[in-house]
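Presented below is the structure to which this report refers.
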Amino acid sequence: MNVNTEAIEELEKEIHASEQQLVMFSLEWCEFCWAAIKVLDEYEIPYRVINLDSAEYVDNLRGRNIRLALNEKTTWKTMPQIYVNGDFIGGCMDLFEGCKTGKLQTLLKEADISFNKMVT
């Protein structure tokens, strides 16, 4: 399927527009997305969620087109898709594993993104 050029441009803009925060592409109804948000809140990580199935993304199949662009970029079809400092770090389980191993905290420090260091 051909990916809309506008969707690719919007995706790249959203990924790279955030300074000192994590960006998560999400679906409002997705339990994995909810779980990821719960972890982000627990660690007090500044983040921005882009819910591709929200009313804001319905017109002209905007959310669907961005999702297709994400799929082409990452080859992933699942949500959430999480970016730190413009780099794709994976989904919900990758976020959990990164918290457990300390890899996420290292990425956040390198990106100068604040988080609660007291959470274990």
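Quick note: the coordinates plus some simple rules give every number you see, no bench work behind them. These figures come from a predicted structure and were not determined experimentally. With ideal geometry, Cβ positions are generated from the backbone for all residues, glycine too; neighbour counts draw on all protein chains shown.
Structure above, values below:
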| read-out | value |
| --- | --- |
| Sorted largest first, extent of the chain alpha carbons per principal axis (Å) | 44, 26, 23 |
| From phi via Karplus (6.51, -1.76, 1.60), per-residue ³J(HN,Hα) for segment 49-55 in Hz, x at Gly/Pro | 9, 10, 7, 6, 9, 7, 4 |
| Loop-located chymotrypsin sites (Phe, Trp or Tyr not before Pro) in segment 57-120 whose Cβ has at most 12 other Cβ within 10 Å (DSSP) | none |
| Other-chain or far-sequence residues with amide H under 5 Å of ILE89's (modelled H) | ILE82, TYR83, VAL84 |
| For LEU22, residues with placed amide H under 5 Å, excluding near neighbours | TYR47, ARG48 |
| Two-site label geometry, PHE96 and ASP59: point separation in nm, points 7 Å out along Cα→Cβ | 3.8 |
| At R0 = 22 Å, FRET efficiency that the Cβ-Cβ distance of GLU44 and HIS16 yields, to 0.05 | 0.40 |
| Top positive-direction residue, dipole computed over segment 1-119 with Cβ charges, set VAL39, ALA7, ALA55 | VAL39 |
| For segment 2-116, size of Cβ-based charge dipole, Lys and Arg +1, Asp and Glu -1, in debye | 300 |
